[in-house]
1. Using the Cα centre of segment A:285-357 as the reference point, and only Cβ charges (+1 on K/R, -1 on D/E), how large is the resulting charge dipole? Debye, rounded to the nearest 20.
2. Using a 10 angstrom cutoff on alpha carbons, build the Gaussian network for chain A and name the most mobile of A:Arg306, A:Arg275, A:Arg27.
3. Under a 1.4 angstrom probe, counting protein chains only, how are A:Glu290, A:Glu362, B:Glu204 ranked by accessible area, largest first?
4. Relative contact order of segment A:216-375, please, whole-number percent, based on alpha carbon pairs below 8 angstrom and at least 6 residues apart.
5. Normalised by the empirical 2.2 N^0.38 Å for globular proteins, what value does the Cα Rg of segment A:32-136 take?
6. Put +1 on the Cβ of every Lys and Arg and -1 on every Asp and Glu Cβ in chain A; which of A:Met96, A:Val332, A:Gln54 then has its Cα farthest towards the positive end of the dipole?
7. Taking every pair of alpha-carbon atoms in segment B:491-552, give the share separated by more than 15 Å as a whole percent.
8. Rounded to the nearest Å, what's the spacing between the alpha carbon centres of segment B:100-121 and segment A:254-286? Just the number, please.
Amino acid sequence: MPEVTVRNLAKTFGGNSVLRDVTFTIRDGEFFTLLGASGCGKSTTLNCIAGLEQPTEGAITVGGRPFVDTAAGVFLPPEERNLGMVFQSYALWPHMTIAKNLALPLNIRKVPKEKQKTLIHDALDKVGLAELSGRYPHQLSGGQQQRVALARALVYSPTVLLLDEPLSNLDAKLREQARAWLKRLQEELGITTVYVTHDQEEALALSDRIAVMEGGNMIQIGTPHEIYERPAAPEVAAFVGRCNFLTGKVVGHDGMRYGVRLDCSGDVVQVDSDRNIAADDSVTVAIRPERLEVVPPSGTVSGGNRLHTEVMTSSYVGSRYEYDVRLGGQAVQVLSSHGGLTGRVDLVFDPGQALLYADKVELPEEQRDLLTVNS
Amino acid sequence: MSTLTQPTRKSADDQAATFKPPRYRRPFGVGRDQVVQYAVLAFLAVLVLAPIVPTLYQSVRNRPLYEAGGAFTLSGYTRLFTDAGFGEVALNTVLFASLTTLLSLAIAIPMAIVVVRTKLPGGRLVALAMQWPFFISSLILGFGWIIMYGPAGFVSVKVQQVFGAVPWNLYSIPGMALTEAVALAPIAYVFCANALRQSDASLESAAQVCGAGPLRILGQVIVPLLRPPIVYSAILVFSVSIETLSVPLLYGQPVGIDVFSTFLYHNGLQSVDPDFTVLGAASTIILVVTLSLVALQAKLLKDAARFVSVRGKVTRPRKLDLGWLKWLSIVCIWFYVIVGALVPIAGLVFRSFTLVFTPLQSPFKTVTTQNYEMVFDSDNYVQSLWNSLIVAGVGSVTVSAIAVLAVMVARRSTFRLGRAVEYLALIPQSLPGIIIGIGFFWAFALAPFGVGSMLQGTIWAVIIAFGMRALPSAFGSVAPAIMQIGGELDNAARVSGADWVMTFFRVLRALVTPAFAGALVLTFVIMLKEYSPAVFLSSADNNILGTTMLSLWTQGRAGSVAALATLQIAITAVFVALAGLLMKGKHHA
């Protein structure tokens, strides 16, 4: 199984740049996910690997074989790349039976008929649909179609498997089961896999490594743990999981512990960070709702920071309670296991649980409006 | 590079020794995909430029193109306006086209609104009835109108008997415009009706909630939203009436009213010694006019987005209730359908079964099949019937296949010049039929390797000219059907190892078949009705129904014309019915 190297990939449509200088390497046998909102360039990146789109600039190499190199004028058309791909719509050819769908790539490769039979049977067996080979795609359920599409992508032993949001057309319950199944299958086959999704949960659950993309840039590559715990940029923190952003100014620091005066309330909070930030710099404190805790004003909880706030709304969301609390002029979201709090409460968090980013984070206007509270 | 590729091959061999990834040969870096794509582009370019370039060239040569030793001249253009009286012709044309446009919009817009947006008894029947021009050519409609409403027409004579005078004169520019408007109104109707059907009904509900009544909603919400289809269809109707030959020829000839197309007809065909330079100059000017109309249309369509009220969500349009006005609407609509189309066609069919057709003597007295016997007794007429069928049969298959190819290249490939292919396939829309005829006539005179003389005067010349004229319609019918096939199906085939050509043959061909069949039916009917490019290309051997009817008409043999026209309508109807049955059967399988 080869590794995939992408260097300085860029793509422009007209004057519109949808992909900017993207570079990454996917290791042999790795499950690699491109994660981002729609229009971030993740599908364009995948299509460039597949050969369905030509990059404006950059090079892609798979197992040492150059697929694209704009500098050298190399472009290998998709049909000669020997990749397997599953599309969002599954793209099963509607006028062919399942067996015929799987036979087509084998026919193109001039595999003898006898051999084809066993290969098709094995591939369908792998996805648990061997008995349906005579059916037409429209006679199958969505989940079955998705598995057939996967079998078709695997039947000719491609070098790399490309998955373009393959689970997005399944309903929520089925999607979770399909996710676990897909993970098992990939580990069993050990095939290098590139997965595109906008669903952060899916990305976290499936991937060996995740690349988070935004506006055509790759902003962070890391393991699911790294991405969630140490997001390299506020955009990553905002996209993967939920996050509160509080802007402020550094008032001083003691080693790696910084004191930050928050703009919204004037409180000073302590935040740990290994970044080098000078006093008086504008910063943003990012903290996830589940890392915050609300306690009654009298209650004692160990934690470095304690801020006086007021509950605006609280709602029960199943396993936990979700609070919107007013911190000065801003709403802050908290996920807590304590229910039934109202009125004045204290917001508590540990300096190590918050993240510090240089510069102020500019939220989109609509979001900012929703978070601003009139006092 | 070679050291880098070494390890992969090895691992690939270990992994799947049984089969290799596909390889396609690309001599000089050009694969068969590109060969096909460039071939389609080149073919369309030659086809479209063949009639245009010689026309432009002829307009500045002082001798016919088929004669040697011509020289450059611009006198064609000056003579056109001095001796040939082209100024008056242009004026007539503008008058005729403007009046036609106004009248057809006046018929179509209210009808579209009433049928689509209000509760109208029998609305679906009207929508169906508006498809009549698909079966009947404007030439046949012209015959029908003259037989019924002409100076000696059945209705005119009856009115003369009863009232002592006939308040209309068909052989005039308003008369021509009225007939043409009746024939073209369905085009405008279809554009407006589609726009109305697609527009969001919640816009109207919003107005209703605000307290607006049905008439206010019509005037302030619905009609303003119709501006793009109105402008679009107005330009379309205008350009069609500029190039139409049938009605102006039939009505204008007896009284000497000339428009663009009849001017070319008279000067090119009926004069003893045609002045080809003047003819070329006139054609060039007409070409410039029609091409700029298309450019205008394209420009207007570009910024039509602000009128778009189509959203992803499908809403079931709620229909307004017009009260007593709806009965008036019904009367108006059926008056148009019956008087405009049904009566003339019925009269024409009746005329084909009788010898004398006038209210002065009961036509039933002379009921006969003699008209048909005369047609079938003459080898020439039977030949023209066969020719029409061959042209439509061979032509529709070829044109539909070319259209599928062109759509595949233009819309379903990564070919850089795909846009150019699309434009080339659509340009013939703006070329007047008669100019396509003249253009090919000259093109055959210029064509190298004796190709021209091989084609000139044969049925192949007619097939080429008609086929070119039907190509835009075929493209227009194939493109949306093919675009409905998800693009990921192609991508899946490409990634699985098929190149573009193989993707078409292994995967898309079966899926494209319905689109091909649809285009086939459409182009068959179009090519069966077509005749104007043939007037310059016809000879004794390659006459088709249209040209035969025209020459019979000038000989005053209305009975035979009526018989041939009836046959043409019957063939069309039977063909469409059979095709509908066949396609329905396919769907069930």
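The values are calculated or read from the model by the stated rules, or taken from the named source; none is laboratory data. Just so it is clear, the structure is predicted and the values come from calculations on it, not from any experiment. As a convention, Cβ positions derive from the backbone with ideal geometry for all residues, glycine included, and neighbour counts pool all protein chains shown. Heavy atoms of the whole protein, side chains included, go into the accessibility calculation; ligands, DNA and RNA do not. Shrake-Rupley method; radii C 1.70, N 1.55, O 1.52, S 1.80 Å.
1. Dipole about the Cα centre, nearest 20: 40 debye.
2. Highest fluctuation among the options: A:Arg275.
3. Most to least solvent-accessible, the answer reads A:Glu362, A:Glu290, B:Glu204.
4. Values: 344 pairs, mean separation 38.0, N = 160.
Relative contact order here is 24 percent.
5. Details: Rg = 16.8 Å, N = 105, 2.2 N^0.38 = 12.9 Å.
Relative to the rule-of-thumb radius for its length, segment A:32-136 sits at 1.30.
6. A:Met96
7. Of all Cα-Cα pairs in segment B:491-552, 66 percent lie more than 15 Å apart.
8. The two parts, judged by their Cα centres, are 70 Å apart.
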